[in-house]
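> Starting off with a structure, shown below.
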Amino acid sequence: MRHISNPNRIAASIIFIFTGIVIFFTLFGICSANISLTLYTEESANSHYTDKDGKLKGYVYELVLEMQKRMGDTTPITMAPWARGYHFAITEPNTAIFSTTFTEERRPLFKWVGPVSASVWIFYAKAGSGIKLETLDDARSLKSIGTYRDDVWDIFLKDQGFTNVESARVDYLNLKKLMADRISVWASTLDRTPEIAKNLGISMDMIEPVLKVMEKGLFIAFNKDTSDDIVNRWQNTYNEVLADGTMEAIYKKWNVTVPTYEIPQIP
């Protein structure tokens with residue numbers, strides 16, 4: 001005699017399986033959201049810096065804190081020299097560093113969230129030096145160009161075949177070297193130069209821009225092996241903060257314009 005299955009038992013089995021699937025994906029989503037992250041930043045003008053009391057401040061720092069608050073993310077932000085933080089962001093999954101300049105060379109190295117700021121690349125000379133540059137290639141004939149070690153400027157110039165680059169472990173040393181005539185020009189950015197000069201007690205009248213090279217967007221750069229769920233969650237939160245005016249309000253306090261660069265997508 002053929003066995004006839006109990007319809008109620010079949011329905012119960014389907015419900016049980018369906019419930020199990022829902023629980024699995026729910027727990028998977030929770031686990032993905034709660035994966036431990038490591039966040040690095042560096043001393044950089046008024047975007048993220050340590051004040052005299054040892055507290056982190058800055059407009060990008062405040063933006064990141066607001067995003068973390070909305071996500072319920074409690075990851076501490078670690079201040080580190082750029083080369084160290086960048087190394088960990090390149091090599092360690094679930095690690096991010098901000099603010100990172102986007103370039104085509106860096107495109108495949110990270111997953112990008114933002115933009116959070118803009119960077120205008122400028123060569124600065126000591127006032128009265130007589131140095132005049134019309135093009136980037138003109139800088140090849142200079143005796144020396146001071147750069148911040150492993151910064152995008154440093155990497156860019158070396159990739160372009162510049163052999164007169166002198167890298168410093170911290171950027172403020174470049175301004176000191178410029179004033180002491182130990183380098184010809186300093187490869188810096190429009191946003192961080194005034195703050196470095198102020199901290200060293202050097203008037204901006206004592207240096208002068210001699211060439212604007214380019215302008216780039218800055219982002220939060222996540223290690224490329226970080227889960228897409230995590231990166232998308234950060235980007236979606238960024239989009240919310242931007243859309244509801246919170247980002248503009250934060251940046252307005254610091255007299256900074258909200259950047260408008262496109263989010264870089266990997267084909």
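Only the coordinates and a few stated rules stand behind these numbers; no lab work does. Since this is a predicted model, take the numbers as computed values, not measurements. All Cβ positions, even for glycine, are placed from backbone atoms using ideal geometry, and neighbour counts span all protein chains on display.
> What percent does the relative contact order of the range 36-259 come to when contacts are Cα pairs within less than 8 Å and at least six residues apart? Walk me through the numbers before you get to the answer.
On the way: 392 pairs, mean separation 70.1, N = 224.
Taking the mean separation of contacting Cα pairs over the length of the range 36-259, I get 31 percent.
> Mind running the shape call on the range 46-129? Use the C-alpha gyration tensor, a ≥ b ≥ c as the square roots of the eigenvalues: rounded below 1.5 for a/c, prolate if a/b tops b/c, oblate otherwise. Please report the intermediate quantities before stating the final value.
On the way: a/c = 1.84, a/b = 1.27, b/c = 1.45.
Because a/c hits 1.5 or more and a/b fails to exceed b/c, the range 46-129 counts as oblate.
> Tell me, LEU136, LEU173 in order of fewest to most beta-carbon neighbours within 10 Å? Before the final figure, lay out the partial values.
On the way: LEU136 16, LEU173 20.
Going from sparsest to densest Cβ surroundings: LEU136, LEU173.
> Which helices pass in the chain if a helix is a full DSSP H run, must span at least 27 angstrom along its long axis by Cα, and must have mean Kyte-Doolittle hydropathy not below 1.6? Can you show the working numbers first?
Values: long enough: 7-33 (39 Å, 1.78).
Helices meeting the criterion: 7-33.
> Also, quick follow-up: Quick check: residue separation of ALA83 and GLN160 times 0.36 nm, minus the Cα distance between them. What number comes out in nm? Walk me through the numbers before you get to the answer.
Working: separation 77, 0.36 × 77 = 27.72 nm, distance 1.98 nm.
Roughly 25.7 nm would be gained on extension.
> Loop-only GluC sites (Glu not before Pro) in the range 157-221, please: DSSP not H, G, I, E or B, and at most 13 other Cβ atoms within 10 Å.
Values: sites: GLU166, GLU195, GLU215; in loops: none.
Here no loop site has a sparse enough neighbourhood.
> Just the number, please: percent antiparallel of the DSSP beta bridges in the range 102-213, rounded to the nearest 5.
Values: 10 of 16 bridges.
Counting DSSP beta bridges with both partners in the range 102-213, the antiparallel share is about 60 percent.
> Turning to a different aspect of this structure: Each label point is 7 Å from the Cα along the Cα-to-Cβ direction; what then is the distance between the points at SER141 and ALA243, in nm?
That separation, rounded to one decimal, is 5.4 nm.
> Hey, another quick one. For the range 78-175, which trypsin sites (Lys or Arg not before Pro) are in a loop by DSSP, counting at most 13 other Cβ atoms within 10 Å? Before the final figure, lay out each step's value.
On the way: sites: ARG84, ARG106, LYS111, LYS126, LYS132, ARG140, LYS143, ARG149, LYS158, ARG169; in loops: ARG106, LYS132, LYS143, ARG149, ARG169.
Answer by residue number: LYS132, LYS143, ARG169.
> Which of the GluC sites (Glu not before Pro) across the range 53-115 are loop residues per DSSP, with 10 or fewer other Cβ within 10 Å? Working shown, then result.
Details: sites: GLU62, GLU66, GLU104, GLU105; in loops: GLU104, GLU105.
Those satisfying the criteria are GLU104.
> With both partners inside the chain, how many of the DSSP beta bridges are antiparallel, as a percent to the nearest 5?
Taking every DSSP beta bridge within the chain, about 65 percent pair in antiparallel fashion.
> Additional query: Modelling each spin label as a point 7 Å along the Cα-to-Cβ direction, I'd like the GLU134/THR257 distance in nm, to one decimal.
Each label point is offset 7 Å from its Cα along the Cβ direction, giving 2.9 nm.
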